[in-house]
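What follows is a single structure, written as structure tokens, with notes after it.
The values are calculated or read from the model by the stated rules, or taken from the named source; none is laboratory data. Not measured: the values here are computed from a predicted model. Positions of Cβ are backbone-derived with ideal geometry, glycine not excepted, and every protein chain shown enters the neighbour counts.
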Amino acid sequence: MTTLWNKKAFSRRGMLGAGLRLTGIGLSLAAFGAGIFAGPVSAAVGQPEPEEKINATIKRLFGDRKIGDGASMLKLDIPLIAENGSVVPTKVAALRANSGGRYIKKIYFLVDNNRRPMSASFSFTADAKMPFVGTNLRLGKTGPVRAVAEMSDGSLLQVMQEVKVTVGGCGG
């Protein structure tokens, strides 16, 4: 006579396997159910949309704060013509040393014509006397590249340069 309750089903391995299978099924149902019952999902505050315009990026990052001219405080070093838009060497340097309680807290790189304009950001402390950043940016097409410095007092300064992106170095 065959029984449903055989010794093998109640072994340690059998119980562990059954428990893991049930856990997997439960997690799958929970994830599936959350997708059905959660309703529409919107981007979290501070998160970029898949395709975001520069004005929306600036609003998301800085709110309604005014962005001033940073030419007296920052120097943006980027080629006028980028032969390879995938790798564009970019540098930003402070022209004056941080003094007193006001210092460069953060530098953002924004590329106006990229799908997601915010390309990079770098944070500094008050100990960074002459902040400097060097990085490679990816430029999708010809357009402005901005470096925005957020100061410790909350003010914003910007330097900008138009960069022409060529396709294979042949103009465009």
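The table that follows gives values for the structure above.
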quantity: So I107, is it in contact with a Lys or Arg (Cβ under 8 Å, 6 or more places away or on another chain) and either within 16 Å of F124 (Cβ to Cβ) or at pLDDT 90 or above (or both); calculated: no
quantity: K75 vs. criteria touching a residue at least 60 places away in the same chain (Cβ under 8 Å) and basic (K, R); calculated: yes
quantity: So A82, is it over 21 Å from L61 (Cα atoms) and either of a type in the set (G, A, S) or touching a strand residue (DSSP E or B) at 6+ places or on another chain (Cβ under 7 Å) (or both); calculated: yes
quantity: Number of positions in region 119-148 that are of a type in the set (S, T, N, Q), under 14 Å from T90 (Cβ atoms) and surrounded by fewer than 18 Cβ atoms within 10 Å (Cβ to Cβ); calculated: 3
quantity: Unique match (being assigned by TED's automatic domain parsing to the domain that holds D153, charged (D, E, K, R) and exposed (fewer than 14 other Cβ atoms within 10 Å of the Cβ)) among R116, R60, R102; calculated: R102
quantity: From the options A97, A31, A56, A44, residue that is at negative phi and at pLDDT 90 or above; calculated: A56
quantity: Criterion (farther than 24 Å from E52 by Cα and among the hydrophobic types (A, V, I, L, M, F, W, C)) met by exactly one of A147, A120, A97; calculated: A97
quantity: Test for N114: is it within 21 Å of T57 (Cβ to Cβ), in contact (Cβ under 8 Å) with a residue 12 or more places away in the chain and of a type outside the set (A, V, I, L, M, F, W, C); calculated: yes
quantity: Pick from region 80-96, criterion loosely packed, with under 13 Cβ neighbours inside 10 Å and of a type outside the set (V, I, T), ranking: farthest from R146 (Cα to Cα); calculated: R96
